[in-house]
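Okay, so here's the structure we're looking at.
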Amino acid sequence: MLESCKNAQERWGGVHQMIDRWLAERREMLISYNRLSISLKNKGQVSTDQLETFREWLVDYLSAGHFEIYEQLLREAEAFKDRAAVELLDTTLPALHDSTQSLMRLECQLTPAALSHIKDTLSQLGELLAERFEQEDLLIKMLHAAHAPTATTTSSPAEA
């Protein structure tokens, strides 16, 4: 039994670190987004460097969620035989996939040639990101946090 707990910690502890890294990327992407918005508000323009930095953070963040995090959360839910978590993923992942497609279309519009429309594009991006963060945070709360071992209890995943 001790070996089983050790293996679970090794297996899912890595997921926790992956999620932490991903949320740190989200934070950096938001910082970059805010810099763009502030520059646009104060100066009426943004630099190409600011634009490229934001685009890179956005693409990295979306890619990590789409190709790493969501898949890992699904594997974790399946490993814990958490039917409710799998059902949540079944309903949430299509919406997140659609969100990824919409955000990537907007990201492609963030070019130096399209700076005249950047305010509208950033506004749309901000709205989509806010919706996405709500869905992602729900997934993390309902899936990973429910399966994470706690230091103060020794309850099974079903009791948590």
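Restricting the search to the range 80-105, which residues are over 23 Å from Glu56 (Cα atoms), of a type outside the set (Val, Ile, Thr) and touching a residue at least 40 places away in the same chain (Cβ under 8 Å)?
Hits for the range 80-105 are Phe80, Asp82, Ala84, Ala85, Leu88, Leu89.
Would you please name the residue that is farthest from Cys108 (Cα to Cα), looking only at residues in the range 52-83 that are modelled with pLDDT of 95 or more and buried (at least 19 other Cβ atoms within 10 Å of the Cβ)?
So the residue we want is Tyr61.
Only residues that are aliphatic (A, V, I, L, M) and in a helix (DSSP H, G or I): list them for the range 94-119, please.
Listed by number, the residues that qualify are Ala95, Leu96, Leu103, Met104, Leu106, Ala113, Ala114, Leu115, Ile118.
Pairs under 8 Å by beta carbon, first residue over 22 Å from Ile19 (Cα atoms) in the range 42-67, partner hydroxyl-bearing (Ser, Thr, Tyr) and crowded, with 18+ Cβ neighbours inside 10 Å, six or more apart or different chains?
Gln50/Ser32
Quick one: is Leu93 of a type outside the set (Ser, Thr, Tyr), modelled with pLDDT of 95 or more and out of contact with any Asp or Glu (no Cβ under 9 Å at 6 or more places or on another chain)? Give the steps one after another, and end with the answer.
Numbers: of a type outside the set (Ser, Thr, Tyr): yes; modelled with pLDDT of 95 or more: no; out of contact with any Asp or Glu (no Cβ under 9 Å at 6 or more places or on another chain): yes.
The answer is no for Leu93.
Looking only at residues that are surrounded by fewer than 15 Cβ atoms within 10 Å (Cβ to Cβ) and hydrophobic (A, V, I, L, M, F, W, C) in the range 105-120, which one is nearest to Glu131 (Cα to Cα)?
Cys108
The values are calculated or read from the model by the stated rules, or taken from the named source; none is laboratory data. Owing to the predicted nature of the structure, the values given are computational and were not obtained by experimental measurement. Don't worry about glycine lacking a Cβ; one is built from the backbone with ideal geometry, like all the others, and counts go over all protein chains shown.
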